[in-house]
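Report on the following structure.
Just so you know, all these numbers are worked out from the coordinates, no wet-lab data involved. Since this is a predicted model, take the numbers as computed values, not measurements. Virtual Cβ from ideal backbone geometry, glycine too; neighbours counted across all protein chains shown.
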Amino acid sequence: MPGRTGSRIPGPKRPNARQQAKASRIAAQLHELFPSPDVPLDHASPFTLLVAVMLSAQTTDKKVNEVTPELFKRASDAESMAKMSVTDIKNLIRQIGLAPTKAKNLKRMSQLLLERHGGEVPEDMQALEDLPGVGHKTASVVMVQAFGVPAFPVDTHIHRLAERWGLSNGSTVVRTEQDLKALFPEDDWAFLHLAMIFCGREHCPARGHDPKACPVCSWAG
C-alpha cells in the first residue's frame, strides 16, 4: 500500500491457530449477516466520498447524508468547493458537529487538491493524510472504498467489536488495525470494514449491549 500507515509501534504477534479459527468463523458469519454492505455515506465520486468521510467525524452518517445533497449541488468537485467561501460551506453543514472547523478544512483541502493533484483525489495514503482534516482513518476509507486499495479503517465500532470478540486487546486503534490485518485475508478487508460497522450498529452497540443477543458476542465474546 502506498504512503504511511500510521504510528510506528511494535507489530502484532502472529495469530495462533485458535485465533485464526475464531476470525475465520466471524468472517463467515458476517458474510451471512451482511452479504453486500454498502458504504453508509452517500457519494458519487472519490471527492464526494472524501468530503463525506471528513464530515462524519463526531457526527452520525445519517446527519452527514442530510447535509451533503445541498452541499454537493453547490460543489461536487475540488474546483467548485475551493471557490466557495468558508461561511457558505459552514452554513450548508451547520447541523453537524464541528462545522466551523470542517468548513475551513474542506475549503483548504480542495485548494490543495487543485495545487498538488490537478483537482483529483490522490490514490496515495500519504498524500491524503497530508491534506487538512484528513487523518489515517479517513484516508484509509477513501483508499479502500474509492480505489480498491487494501486498507482496514478502524472506527469506534470496529475498535469496540475487535476487543469484545477477542481479536485485539483494544489498547489503541493502531494496534487494532494491525491485529485485524494479521487475522483476515487482504481481499476481505473492504467487506469486513463495512460489515463490522453494521454489526456494531445493529447487534453490538456501545450502550445497552446484551452479549447473549449479539450473534457474535454470544459465542466469541
- [ ] Would you please state which residues of the stretch 135-152 a label at Asp38 would reach in this model, taking the label point 7 Å out along Cα→Cβ and a backbone N cut-off of under 19 Å?
- [x] 142, 145-148
Task: About the Cα centre, charge dipole magnitude for the stretch 46-146 (Lys/Arg +1, Asp/Glu -1 at Cβ), debye - done: 520 debye
Task: Estimated FRET transfer efficiency (Gln95, Arg116; beta-carbon r; R0 25 Å; 0.05) - done: 0.25
- [ ] For the chain, count all C-alpha to C-alpha pairs, find those more than 26 Å apart, and express that count as a whole percent of the total.
- [x] 38 percent
Open item on the list: For Lys212, give me every one of the lysines with a C-alpha distance below 22 angstrom, ignoring sequence neighbours fewer than eight places off in its own chain.
Closed with: Lys22
Task: From phi via Karplus (6.51, -1.76, 1.60), per-residue ³J(HN,Hα) for the stretch 21-30 in Hz, x at Gly/Pro - done: 5, 4, 4, 5, 5, 4, 4, 4, 5, 5
- [ ] Along Cα→Cβ, 7 Å out, is where each label goes; now give me the distance between the ones at Thr60 and Arg108 in nm to one decimal.
- [x] 3.0 nm
Task: Per-pair calculated FRET efficiency, R0 = 41 Å: Lys83 and Ser218 via Cβ, rounded to 0.05 - done: 0.20
Task: Length-normalised contact order of the stretch 46-146 in % [C-alpha pairs under 8 Å, at least 6 apart] - done: 31 percent
Open item on the list: Give me the dipole magnitude in Debye, nearest 20, for the chain about the Cα centre, with unit charges on the beta carbon: positive for Lys and Arg, negative for Asp and Glu.
Closed with: 820 debye
TODO: Rank the residues Arg207, Arg14, Arg25, Arg160 as a footprinting-exposure proxy: fewest other Cβ atoms within 10 Å of their Cβ go first.
DONE: Arg207, Arg14, Arg25, Arg160
Task: Proximal lysines to Lys104, defined as alpha-carbon separation beneath 25 angstrom and excluding residues fewer than eight positions away on the same chain - done: Lys62, Lys63, Lys73, Lys83, Lys90, Lys137
Open item on the list: I need the shape label for the stretch 46-146. Rule: rounded when a/c is under 1.5, else prolate if a/b > b/c, else oblate, with a, b, c from the alpha carbon gyration tensor.
Closed with: oblate
TODO: Give me the distance between the Cα centres of the stretch 33-52 and the stretch 136-164, rounded to whole Å.
DONE: 12 Å
